[in-house]
1. Any idea what the alpha-carbon Rg over 2.2 N^0.38 Å comes to for the stretch 655-903?
2. List the lysines whose alpha-carbon lies under 28 Å from that of Lys763, not counting same-chain residues fewer than 8 positions away?
3. Return an integer: the convex hull volume of the alpha-carbon atoms of the stretch 53-186, in Å³ per residue.
4. Using a Förster distance of 35 Å, how high is the FRET efficiency between Asn77 and Ser265, based on the Cβ-Cβ distance and rounded to 0.05?
5. Size of the dipole of the stretch 364-467 about the Cα centre, Lys and Arg at +1 and Asp and Glu at -1 on the beta carbon, nothing else charged, in debye to 20?
6. May I ask you to compute the full-extension gain from Leu356 to Phe317, defined as 0.36 nm times their residue separation minus their alpha-carbon distance, rounded to one decimal in nm?
7. Using label points projected 7 Å from each Cα along Cα→Cβ, tell me how many nm separate Glu588 and Ala657, to one decimal.
8. Fully extended, how many nm does the chain gain between Glu774 and Asn443 (0.36 nm per residue separation, minus their Cα-Cα distance)?
Amino acid sequence: MNPFFILRPRPLKMTTYLMAIAFLFAVLFIVLLSGYSYLDNRKTVVVEIRKNAHHNQRMVEAVLEQRLKTLDTALKNASQIVAKHYSASTPVASHQAITNSLMAFYERDPGGALDLLCLKLNDGAMIDVTSPFFASPQLQHTLTTNPSALAYCPGTGTVLLQQQEKITALSSGRIIGTIYAATVVNDNLELLQELEQRITAEAITLQWNNQPILGHGRNAINQSQIEGEFIPEGFPRQAGEFFYIDNRLTINNQTSDLLATQKLSGDLLTQLNESLRQGILSVFFATLISAGGVIIIFRYLTQRSLNTVLQMTEAAFRNTEPARYKPTLVSEFNILGHSIVDLDHQRKESEKQLLLSSSVFDNAVEGIVITNLDGIIEQVNPACEAMSGYRLKELIGENPRIFRSDHHNSAFYQQMWQSLIEEGRWEGEVWNRRKNGEVYPLNVSISRCTNSAGIPSHYVAIFHDISEIKRSEEKLQHQAYHDALTNLPNRKLFHDRLSVAVAHARQHKTKLAVIYLDIDNFKYINDSLGHHYGDKLLQQISERLLSCTRQEDTTARLGGDEFIILMPEIEDPHDITVLCRRILKQLELPHALSGRDYTVNVSMGVTVFPDDADTPEDLIKNADIAMYRAKEAGKNGYQLFTAAMQQTIMQRIELEARLSDALCRNEFVLFYQPQVDLESEHVIGAEALIRWQKPDGQLVYPDEFIPIAEECGLITQIDHWVLKAACRQANKWREQSGRNFKMSVNLSSEQFAKDQELVQRVKNVLNKTGLPAECLTLEVTENAVMSDTESAIAIMTQLTALGVSIAIDDFGTGYSSLSYVKNFPARYLKIDRSFVKDIPGDSDDMAIAASIISLGRNLNMEVIAEGVEEQTQIDFLKQHRCQQVQGYFYGKPCAAEFFSQQFF
Ligand SMILES: Nc1nc2c(ncn2[C@@H]2O[C@@H]3COP(=O)(O)O[C@H]4[C@@H](O)[C@H](n5cnc6c(=O)[nH]c(N)nc65)O[C@@H]4COP(=O)(O)O[C@H]3[C@H]2O)c(=O)[nH]1
């Protein structure tokens, strides 16, 4: 047993402590109360004793004074007796006679106080009748010489209570002597008895100069009892159960040396002590009972409050609901209860947080690894297990090195640890190895955690597998830089590679070539066979291009039917033309599409670094220019870029700028060419044809600027201007002539295909100009309609719904499918001038023209033949019942005034 066990404080009940404290307080209270009562009572007792003593003193003094009076009376009687002896007859009395008389008087002792009696005569004689018992020269001397009422005889130690009286002779009236009488106080039993009768004290002792002279009996004061420390006169001294008190006696208003020592009973004190004892006991029991009552009430209240707190605490632990506390009458318990409620709330919140954290930990998609500061794994979550392929048991106690792949060098991990140590966190991409050996990328975030004291305790790594993201990124990257259809590099990647190649070539002073390639008439195949086969053709072309080029060359698709080839590091310029020819040859080989073989021709433009340009942009631009020139030169070939081409382009750019100005400066004018009804040969309408009248008066024809306007986007504004001007003019002529006049207006293929607001725009123009819709014919080229037949039909339908007529212009030059043509809501077919101009010489053209007229009739469409210059052509057209004609034969395009003069 532990020796200090006993010393170790053991828990006790609170009520036990309280009882102990109450008991201590009760005892202390009682002690203090008793002490105070005792002192207070003692004081009362002392006062009472002093009062008694004083009373007794007064009694003693009264007795003594009475004795003196008795003596005085006796002396008066004695002096009369003596005076009788001195009559006129006997002036000198006999001493013997006087003595006898006095003797007789002394023996009679009427007052009972005569102890000493003597007479001193003037003649010097001394007659002393005192009994021999008291007779003493010293006493006689004291009596006769000491005039005090109380006199002390030093020789005998006797205290006398004495009186004297002068004796006057009755006869002569002369003083004959003095008579003295005294009572001996010492051992005067009679006096003592009288005193004891008169006083309440147990006993009394008279002292003179600290010598007891009178006092005896059962309660006589024993000297040893009253000796002790000095106590002033008048103050009681306790010895045993008695009190002793000294009082100096005052006799006849004269303070004497006689002390009366009284012995007073201690009963009063005993009574007091008894009542005190009983009081203390009562108080003690009352205190105990009160303390007990208080404790019981306290215990009841505290027990009740404690029970409430305990029940609430128990319920709080049992229930998931937040604890509720019902306040009791003890505020301390209420504070405790509320604190427990607060703690319970905090605990439940913490539990919730903990549960949540645990749930997050277990269900997180991210892998989580917790290590101690030495990097030893303490915990991993299921996601980590799934990701790494290791089980929890296999990882606990291991170092995260278990995940390492050879992807990173040691410097990588050093930097990671440095960051963790210095900043407490690290974030980045890590390639780890799964248990099955597979290496995979992770996005990892490692943080140093601290414990509640703020001291670093753990590292937490959160990571997620980014394999999929990486794959998607790569895919996106690939998509961003490759053409989806052909999987060839796209424009961006080509540009990047060209930039690198240019920089390299510049540095190494080598040459490179860029070949711009466009498929001739691809649109035809696309439109006639559909996009699906168009796409297939593009894929085949890209495969063949790749088969023609070198490994180091880049073949890219720029979009649509345009490709571009980069030939870096050309040693011999001849290689370029070799490649171009090879491409031409390869692509000419039949392409099997939709069960048919198609031949593909391409036009290519070639440019060389650094001969033609020294930036990637200029090289691409030059190759494009050269490609256009190849197209202009008859397609299916290639052109090397020349400075002259650049010049042409520059002119074209300048023209674009001037076209824009021309629109602002209102430099465009409309010429009108009559349209004639062939049967009546009357002018029934006109075609509006635009001209650009430069400030110097020079007229520029539409073939020169319309294509450019189409390319630079000005065509919409130009066509809109033409539509407004033509409608305004037509309405004017209609009003002048009083008959409906038909106005044909050209719509560019660009506007027709791309202008979303075309229908609304036409509607607005008709409203504004007031021209009836049936007087307006919009000419759309066959190619514009065929580029997107579905939407073309939709637009034409909307326009015809307005009342406007549609004419298919340049019919025969395109590749219209009859199945589509029959669905066109067009009113007119215009035979292209190229089929008319050689009539009647060219039998093919005649056949085509006749077929178109026949087709129109079959489809309920009117046919207008363009470019009629000869009568023979009119005859032919009439013969085939063509409805309308238009051409120089009837009139060239001319200004409005001229037209009015000629045809109205
Ligand atoms: N040799 C010869 N030529 C004849 C004869 N009869 C008419 N022409 C010419 O043939 C063209 C007919 O116009 P188009 O086929 O619509 O062909 C037009 C049309 O496609 C386009 N164009 C003209 N004006 C406009 C316009 O306002 N807007 C749009 N978008 N295109 C227009 O420009 C093309 C050329 O217009 P132009 O130069 O005015 O040339 C006109 C006209 O002057 C003839 O008997 N012999």
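Any read-out appearing in this document is the output of simple, stated calculations on the displayed coordinates, not a laboratory observation. As the structure is a prediction and not an experimental result, all values here were calculated from the model. Cβ: placed from backbone, ideal geometry, glycine included. Neighbour counts: every protein chain shown.
1. Numbers: Rg = 17.4 Å, N = 249, 2.2 N^0.38 = 17.9 Å.
So the Cα radius of gyration is 0.97 times the expected 2.2 N^0.38 Å.
2. List returned: Lys724, Lys732, Lys742, Lys754, Lys822, Lys830.
3. Numbers: hull volume 13.7 nm³, N = 134.
With only Cα atoms used, the stretch 53-186 gives 102 Å³ per residue.
4. For Asn77 and Ser265, the calculated efficiency is 0.30.
5. Its charge dipole is roughly 220 debye.
6. Details: separation 39, 0.36 × 39 = 14.04 nm, distance 1.92 nm.
Result for the pair: 12.1 nm of gain on full extension.
7. Going from the Glu588 label point to the Ala657 one covers 4.3 nm.
8. Details: separation 331, 0.36 × 331 = 119.16 nm, distance 7.02 nm.
In short, 112.1 nm is gained.
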